[in-house]
1. In contact with a Cys (Cβ under 6 Å, 6 or more places away or on another chain), closer than 25 Å to GLY31 by Cα and in the same structural domain as ALA375 (by TED's automatic domain parsing): does that describe PHE144?
2. Which condition number does ARG253 fail, the rest of (1) without any contact (Cβ under 8 Å) to a residue 60 or more places away in the chain; (2) surrounded by fewer than 18 Cβ atoms within 10 Å (Cβ to Cβ); (3) touching a helix residue (DSSP H, G or I) at 6+ places or on another chain (Cβ under 7 Å); (4) within 29 Å of ARG105 (Cα to Cα) being met?
3. Would you pick out the residues in region 164-176 that are at pLDDT 90 or above and not hydrophobic (A, V, I, L, M, F, W, C)?
4. So in region 421-454, with the set limited to residues that are surrounded by 12 or more Cβ atoms within 10 Å (Cβ to Cβ) and of a type in the set (A, V, I, L, M, F, W, C), which one is modelled with the lowest pLDDT?
5. From the list ALA340, ALA375, which residue is in a loop (DSSP other than H, G, I, E, B), under 19 Å from VAL147 (Cα atoms) and under 24 Å from the mean Cα position of the chain (by Cα)?
6. Do we have any residue at all in region 149-163 that's surrounded by 15 or more Cβ atoms within 10 Å (Cβ to Cβ), closer than 22 Å to ALA29 by Cβ, touching a residue at least 24 places away in the same chain (Cβ under 8 Å) and not polar (S, T, N, Q)?
7. Could you figure out which of (1) in the same structural domain as GLU226 (by TED's automatic domain parsing); (2) assigned to a strand (DSSP E or B); (3) not basic (Lys, Arg) isn't true of PHE351?
8. Being in contact (Cβ under 8 Å) with a residue 24 or more places away in the chain, closer than 27 Å to GLN452 by Cβ and among the acidic types (Asp, Glu), is that true of even one residue in region 326-344?
Amino acid sequence: MTTHGNNSEISVHIVGGGLAGSEAAWQIARGGIPVTLHEMRPVKMTPAHQTGNLAELVCSNSMKSLDESSAPGLLKTEMAAMDSLIIRAAMKARVPAGQALAVDRIVFADAVKSGLLETGLVTITPGEVTSLPTPEEASARREFWIVASGPLTSHPLAEALQKLTGSTRSLYFYDAIAPVLAAESIDMSHAFRADRYGDGDSGDYLNVPLSKDEYESFIDSVIAAEKMPLHDFEEPKYFESCLPIEVMIERGRDTLRFGPMKPVGLTDPSTGHRPWAAIQLRQENQDGTMFSMVGFQTKMKWPEQKRVFSTIPALRNVEILRYGSIHRNTYLKSPEFLGADLSFKAAPRIFLAGQISGVEGYTESAAMGLLAGRACVAKSRGQEFTMPPRETMIGALGRYVTEGCLGPYQPMNANFGLLPPPPAVTHDPSRKKPKKLSKADRKTLIADRARQTFAAYQSSTTLSS
């Protein structure tokens, strides 16, 4: 993105210094426009965050797959081509995790902050934003605003958004965080390094095998453990891709064995056989002193987490550096309120980005910040913003947020279901009947088409910028 014209009289305010807000600030600064990034932490903390760092990763340190044939990998490739600060910082902070992009949280946050400050156009302002300008006020002051306050938006700002949308409906779901363990407290005589299906160079994951009896005992312990209660007025609406282990167990005792504890692709070197179940631990930092429990989001009370996990031989003396927890995630029914450029229909100088817009996942949230930032730059220049085509992953996500779907609107990850399907059959002149495409072939065609479409989009937008 290149600077056009004199932007000295234009200012942008971004509410929220998470992944979406930081990415939006970067994109706008790259457009030569001054940005004030408002982050209420550490002046006012949320129930889930632990620091005042920009782009703090709350739930996990993994941003999912880098494989370009997967939906998450495809999204990262597109974002990298659009000069994403979040992807750039993540690659700098990468830790071993097979084909997944896992990061050292501290290195990652530092890279994001330094990247923003080095532009010379981003001012980071601690403190809570409790109100938004009217359309008239924003226009008179030549201001643009991006609300990227995240799923833990403060009550005053949530009220300001409700006033802006004219809606009192509060949509939400509950998200759960997995525990982080001290590496030195793990008994390595009861664990082994290996990657499921052989991914990774030398075994990026640490595996804790369980026998059938150990698994059944663990399930009983989780069932009996005290859980964090919800308020009487709250109805739990969990996101399917981030279910607490307790909710999974409620669906059947073997659910974990076919989910995050599946032993498929693993061989315990102490027995030479596949274990009955296995807990995978993923490296959290570059020094390898911390490991997170993959897929082990939990709503057990903190003392209960220590007690229950200590029943597992490898974790008998485990030190939990960060306990799992649950928190309420708030999001708007964006298709009702947003235009095609992620700005509010009732306030065209105010944009929405990140999880609060109805996406789920680190990279997805940053992607909405990237789009909102670029849309803001375009509008400030009097230009029309062109959303990437729906055949691309980032374009499909953006259009989901602005257009919705046939069913109820709910948070969405990057997935191939958002992209238009390829032809269901392929014709072979040597065959009398058409040959149906396999699932793998369909995904390959979708990914190839996405790459070609994105390349054409990049070329056209570069030429016109």
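1. On the way: in contact with a Cys (Cβ under 6 Å, 6 or more places away or on another chain): yes; closer than 25 Å to GLY31 by Cα: yes; in the same structural domain as ALA375 (by TED's automatic domain parsing): yes.
Taking the combined requirement at face value, the residue satisfies it.
2. (4)
3. Taking region 164-176 as the starting set, the residues that turn out to be at pLDDT 90 or above are 164-165.
Hit for region 164-176 is THR165, nothing else.
4. Applying the filter and picking the extreme gives LEU437.
5. Working: ALA375 fails: in a loop (DSSP other than H, G, I, E, B).
It is ALA340.
6. If we filter region 149-163 for residues that are surrounded by 15 or more Cβ atoms within 10 Å (Cβ to Cβ), which is where we start, we get 149-154, 157-158, 160-161.
When the remaining residues are screened for being closer than 22 Å to ALA29 by Cβ, the result is 149-150.
The next check asks that each one be touching a residue at least 24 places away in the same chain (Cβ under 8 Å); those that pass are 149-150.
In the following step, the residues that additionally are not polar (S, T, N, Q) were identified as 150.
Taking every residue of region 149-163 in turn, at least one turns out to be surrounded by 15 or more Cβ atoms within 10 Å (Cβ to Cβ), closer than 22 Å to ALA29 by Cβ, touching a residue at least 24 places away in the same chain (Cβ under 8 Å) and not polar (S, T, N, Q).
7. It fails just one condition, (1).
8. As a first pass, look at region 326-344 and keep what is in contact (Cβ under 8 Å) with a residue 24 or more places away in the chain: 326-344.
Still in the running and closer than 27 Å to GLN452 by Cβ: 340-342.
Filter once more, keeping what is among the acidic types (Asp, Glu): 341.
Scanning region 326-344 turns up at least one residue that is in contact (Cβ under 8 Å) with a residue 24 or more places away in the chain, closer than 27 Å to GLN452 by Cβ and among the acidic types (Asp, Glu).
The values are calculated or read from the model by the stated rules, or taken from the named source; none is laboratory data. The structure presented is a predicted model; accordingly, all values stated were derived computationally and were not measured. Note that we place each Cβ from the backbone using ideal geometry, even for glycine, and neighbour counts take in every protein chain shown.
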